[in-house]
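Single-structure report; data block below.
What follows is calculated from the coordinates using simple rules that are stated; it is not laboratory data. Just so it is clear, the model here is predicted, and its values are computed rather than measured. Cβ coordinates were reconstructed from backbone atoms using ideal geometry, including for glycine residues, and neighbour counts include every protein chain displayed.
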Amino acid sequence: MIESLHSPHIARVKALISSRGNKERAAHGEFIAEGLQCAREAFTSKKGPGVRTVYLTESGKSRIDQAGLDISRAEVVLVSEPVMAAMSPTITPQGIISICSVADNEFSELKPSGKSRYIYLHEIQDPGNAGTILRTADAMGIDAVIVSPGSVDMYSPKVVRATAGSLWHVPLFTGITLAQLNEQLPSVAKIALSAQGEKSLLEVKELPDVVAIFGNEARGIDALIESDVMQVSIPMTGNAESLNLAAAAAIVIFHLSHN
């Protein structure tokens, strides 16, 4: 068991969750997932990111054992509670930290089925929004989440935590520009959520393959929309002037998954 607070294992984990963690994650193709829920998805999912190393306290090991998880394919490192506290980005660690490999998804292999539903996030900045949207996409059976350059790092600890394990269920493609999106999916219908959209979301029905585009929380996406993109708005009968991006996206995703 590792008990030293000077262990290089701590430095390895801290590097992946620090303010410069995005560079470390990109350089090594690794990210941090904390807690039993993420570990369960990581070790049981047949697709998505794999686990390279899992750090466990005695209580964390007990949780893993009670959940019946087979963690034999990963490097297992037992650590003391103080070491786990030094590693963890949360105030109350669960005693389980996994170092996972970033999913190796090839965007060029993404092929519409005739009824595919995709989400495209353009320069989304809030990790809570990004993670919640991916989690909603998982719940509603969305086929892939595609993310533009300049967006929040989808493998940052806050985003991973907000996905609540859905990161292992939905194919994720990052660093994809609008031009690349159009090139790979030229025949897929594209709709964009816009406050200026003249078409109500309720009028969008029976679409074949479709990608829903969501823009930056502050700037939106209006200035980037091309003529072949349908701009839609969510009809609101109450007094609120607008919706949080994750809430608005949830409404759109639910609608698309049932049409």
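A few comments on the model shown:
- Listed conditions (1) surrounded by 15 or more Cβ atoms within 10 Å (Cβ to Cβ); (2) in contact (Cβ under 8 Å) with a residue 12 or more places away in the chain are all met by Ala85, apart from (2).
- Number of positions in region 116-135 that are assigned to a loop (DSSP other than H, G, I, E, B) and in contact with a strand residue (DSSP E or B) (Cβ under 9 Å, 6 or more places away or on another chain): 5
- Considering region 56-106, the residues that are closer than 25 Å to Lys46 by Cβ and among the β-branched types (Val, Ile, Thr) include one that is nearest to the chain's Cα centre (by Cα), namely Val102.
For (1) over 20 Å from the mean Cα position of the chain (by Cα); (2) crowded, with 19+ Cβ neighbours inside 10 Å; (3) among the β-branched types (Val, Ile, Thr), each residue gets a yes or a no:
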residue	(1), (2), (3)
Val188	yes, no, yes
Leu201	yes, yes, no
Pro208	yes, no, no
Ile213	no, yes, yes
Asn216	no, no, no
Gly238	yes, no, no
Phe254	no, no, no
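This table checks each residue for (1) on the phi < 0 side of the Ramachandran plot; (2) touching a helix residue (DSSP H, G or I) at 6+ places or on another chain (Cβ under 8 Å).
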{"position": "Gly131", "(1), (2)": "yes, yes"}
{"position": "Leu134", "(1), (2)": "yes, yes"}
{"position": "Met140", "(1), (2)": "yes, yes"}
{"position": "Asp143", "(1), (2)": "yes, no"}
{"position": "Gly150", "(1), (2)": "no, no"}
{"position": "Ser156", "(1), (2)": "yes, yes"}
{"position": "Val160", "(1), (2)": "yes, yes"}
{"position": "Thr163", "(1), (2)": "yes, yes"}
{"position": "Trp168", "(1), (2)": "yes, yes"}
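- Residues that are buried (at least 17 other Cβ atoms within 10 Å of the Cβ) and in contact with a Lys or Arg (Cβ under 9 Å, 6 or more places away or on another chain), drawn from region 46-61: Gly50, Val51, Leu56
- Residues in region 62-79 that are more than 24 Å from Arg12 (Cα to Cα) and of a type in the set (A, V, I, L, M, F, W, C) were compared, and the one that is surrounded by the most Cβ atoms within 10 Å (Cβ to Cβ) is Leu69.
- Residue selected from region 4-45 under the condition within 19 Å of the chain's Cα centre (by Cα) and over 29 Å from Gly150 (Cα atoms), by the criterion surrounded by the most Cβ atoms within 10 Å (Cβ to Cβ): Phe43
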